[in-house]
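The values are calculated or read from the model by the stated rules, or taken from the named source; none is laboratory data. The shown structure was predicted, so the numbers you read here are calculated from the model rather than taken from an experiment. Here the Cβ positions follow ideal geometry from the backbone for every residue, glycine too, while neighbour counts run over all protein chains shown.
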Amino acid sequence: MAITATRGQTGLTGNSAVAYAMKQINPDVCAAYPITPSTQVVEDFSSYVADGVVTTELVTVESEHSAMSACIGAAAAGARVMTATSSQGLALMWEMLYIASGMRLPIVMANVNRALSAPINIHCDHSDSMGARDSGWVQIYSETVQEAYDNMFMAVRIAEHKSVLLPAMVCFDGFITSHAIENISLLDDQEVRQFIGEYRPAVSLLDTDHPVTMGAMTLPDTYIEFKHQQSEAMKRASAASVEVMKDFGKRFGREYGLFETYRLEDADTAIVILNSAAGTTKVAIDELRKQGRKVGLLRPRFFRPFPWKEMAEALKGKKAVAVLDRADSMNAFGGPVFNEVRSALYDLDNRPKMINRIYGLGGRDYKVKDALAVFEELAKVSETGGIETLVKYITL
Amino acid sequence: MATLKELSKQQELFSGGHRLCAGCGIPPIVRLVLRAAGGPVVATTATGCLEVGTTIYPYTAWRIPWIHSAFENAAATISGAEAAYKSLKRQGKLPGGDKEIKFVAFGGDGGTYDIGLQALSGALERGHNFLYLCYDNGAYMNTGIQRSSATPLFSNTTTSPSGDVIQGKQQWRKDLTRIVVAHNIPYAAQASPHNWSDLSKKAEKALSIKGATFMNVMSPCPLGWYSKPEDSIKLAKLSVDTCYWPLYEVENGVLKISYKPKEKKPLVDWLKPQGRFKHLFKPENAGLLDEFQKRVDDEWERLLALEGKRL
């Protein structure tokens, strides 16, 4: 059942919190299809529609492919549009993800991270959204329920930002975050309305007095210019995101950045890790810090755009860094986060030794002891300067 | 309904100068349908001849708002646009003020019978207020004449070629109109561009009825049929006069045949001028012609038996 709280502290699951954020955003159209573990987002939102507390037109489509297609049709018609999915659902949308971004439609999606088949598995890993990393969507990752909730509002502003106009997905961990109850602080509806503002699309299919042709065919004489413009928009998304996060922090007191650092500044070794597993890693860091060990963490919040310059600056001078990926690129050269972070550090004069550990696929637990073991490995690497295994699966 | 004279004075919503082939059946169909809307209309098109031939950037043949997103999803894309319309209308946020807008999705037989069937079924079941129009030219013409589930029996296509052993497509075509009717939508019809007045009336009806409506329209293709461009409209008429492509409508479930030829023409009259059936006229394939004729007769009898019935 959908919650009816209006403000203040409330215990909510990640899915309920995100559905509540959608209620507060009150999009013009939501087209969605159920899939574990994101189903509850759509269920909760459906009851908001049934109770008439939103003015949204809900389109309960027959597949995720049609969900994204309907989102595209609605966004092209000038509507503010949202959806939610996971895993196979995101995979089925794959074709349309590229079309949404290529048509510069600022659709916002909650993606509850779940493993991809085969074998079929409904639990958390990041192979779904990592598979969509080149689809031209802004990708924002969330450690907690609070952050997933907050990211939804920021995603709307970033996607619709005049210098961006790209779709955005907010990612959070299936079950670990989507189904866990956390005590979070809600904004009130008025605050949300003021923060996100009215959506004013530049063009709309419904403006029949000014007809537009959208999705025209392009040949080699123009295609690359469109892609170049899109790429430039993704570059601008970085500054736009910083601007939006600053405004969010100023209004509501919760500060966010392109990535989060935890006890990183004076650290010799660090773990780079996404989403909920960062919380587990922080516990390990606190334990090791008590023993006087200089360890820290960097948690990317934005994977698209990838804040490579800022990240290189933050990791400069570290002796050894482990990137932990909850997805494998199946390239025999490590996970997606590793490949990009390692590349980002390449031009540093004094670059850290780096290792990649693939963990937690299909919902396998990542525990404090796993983080501690990685820091032990990092200690060895920084002492000896040698790397025994560059890429390795852990939590096996 | 407007007379031809009146139609000729209306502004064309689909301009000339597009790149569809000479003799293509699609442009007259699209022009008649857009005129039948009689007011603001928004359209989408599945990937295919119509999309490619009308929009090579920076040109467009569309004088109405138009969108193409992908191949299999014209019905889903128009669902979204129509949902946005409902939402924004309700909120008083329509650009340029409140108005009635019609929605049309165009798809070829490949984009409708095959890859787009699921999206079509979903949109029909949800009952969006739109017309889905399939221009059925009987193969994937845009990609070079590959067989679709709408391809006629024994037709030679690039993926069902007539060879030494196999004589073209071996299967009867899917009866999409019947599948659509099974969705219990308020209106479904088959039409053909040679009968502009029947096509226009059906389009006007489909666009004035609230809910999801469907039209399946025979669309001659000189390229894929290996026929003369100047024969297209004649061939469209022959497809109807031979009862290969009956004109009928199903309104609120009741079937009505729109046209019964006074004298049913033999199927070979339609097959002969089309190169895609050339192999059937070899003496050793006479049996296949008989088989084809028999099946057309059967289907026509079946339809006649349904006349006036509630499906």
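Kindly establish whether B:Tyr132 is crowded, with 24+ Cβ neighbours inside 10 Å, assigned to a strand (DSSP E or B) and not hydrophobic (A, V, I, L, M, F, W, C). In short, yes.
If you check A:Pro37, A:Pro27 for being touching a Gly at 6+ places or on another chain (Cβ under 6 Å) and either outside the structural domain of A:Ser142 (by TED's automatic domain parsing) or crowded, with 24+ Cβ neighbours inside 10 Å (or both), only one passes: A:Pro37. Considering the stretch A:6-30 alone, what residues qualify as being in a strand (DSSP E or B), in contact (Cβ under 8 Å) with a residue 60 or more places away in the chain and over 20 Å from the mean Cα position of the chain (by Cα)? Result: A:Gly8, A:Gln9, A:Thr10, A:Gly11.
Take the residues in the stretch A:296-330 that are among the aliphatic types (A, V, I, L, M) and closer than 20 Å to A:Glu377 by Cα; name whichever of them is farthest from the chain's Cα centre (by Cα). That would be A:Ala320. Taking the numbered list (1) more than 12 Å from chain B (Cβ to nearest Cβ); (2) surrounded by fewer than 18 Cβ atoms within 10 Å (Cβ to Cβ) in turn, A:Ile196 passes all entries but (2). The condition (being surrounded by 24 or more Cβ atoms within 10 Å (Cβ to Cβ) and either at positive phi or touching a residue at least 12 places away in the same chain (Cβ under 8 Å) (or both)) is satisfied by just one residue among A:Ile140, A:Ile181: A:Ile140.
If you check A:Lys246, A:Lys309, which single one turns out to be assigned to a helix (DSSP H, G or I), surrounded by fewer than 22 Cβ atoms within 10 Å (Cβ to Cβ) and in the same structural domain as A:Thr13 (by TED's automatic domain parsing)?
Details: A:Lys309 fails: in the same structural domain as A:Thr13 (by TED's automatic domain parsing).
Answer to the check: A:Lys246.
Restricted to the stretch A:34-144, the set of strands (runs of 3 or more DSSP E) holding at least 1 residues that are touching a strand residue (DSSP E or B) at 6+ places or on another chain (Cβ under 6 Å), facing chain B (nearest Cβ under 10 Å) and closer than 23 Å to B:Ser69 by Cα comprises A:57-60, A:81-85.
Looking at B:Gly287, is it exposed (fewer than 15 other Cβ atoms within 10 Å of the Cβ) and assigned to a loop (DSSP other than H, G, I, E, B)? So B:Gly287 does not fit the description; no.
State whether the residues of the stretch B:261-268 include one that is surrounded by 13 or more Cβ atoms within 10 Å (Cβ to Cβ) and part of a helix (DSSP H, G or I).
yes
Based on this model, can you work out whether A:Glu191 counts as of a type in the set (Asp, Glu), touching a strand residue (DSSP E or B) at 6+ places or on another chain (Cβ under 8 Å), more than 14 Å from every other protein chain (Cβ to nearest Cβ) and farther than 20 Å from B:Ala70 by Cβ? So A:Glu191 does not fit the description; no.
Pairing each residue of the stretch A:227-239 that is outside the structural domain of A:Ser101 (by TED's automatic domain parsing) with any residue that is modelled with pLDDT of 95 or more and of a type outside the set (D, E, K, R), provided the two are 6+ apart or on different chains, yields no C-beta distance under 6 Å. The set of residues in the stretch B:35-82 that are touching a helix residue (DSSP H, G or I) at 6+ places or on another chain (Cβ under 6 Å), farther than 19 Å from B:Tyr135 by Cβ and more than 7 Å from every other protein chain (Cβ to nearest Cβ) is empty.
With respect to A:Thr208, determine if the residue is in a loop (DSSP other than H, G, I, E, B) and either within 14 Å of another protein chain (Cβ to nearest Cβ) or hydrophobic (A, V, I, L, M, F, W, C) (or both). So that I can check it myself, show each step before the final result.
Working: in a loop (DSSP other than H, G, I, E, B): yes; either within 14 Å of another protein chain (Cβ to nearest Cβ) or hydrophobic (A, V, I, L, M, F, W, C) (or both): yes.
So A:Thr208 fits the description; yes.
On inspection, A:Glu287 fails the criterion of being touching a residue at least 40 places away in the same chain (Cβ under 8 Å) and part of a strand (DSSP E or B). In the set (1) over 28 Å from B:Glu51 (Cα atoms); (2) of a type outside the set (Ser, Thr, Tyr); (3) in contact (Cβ under 8 Å) with a residue 24 or more places away in the chain; (4) within 14 Å of another protein chain (Cβ to nearest Cβ), A:Phe175 fails one condition alone, (4).
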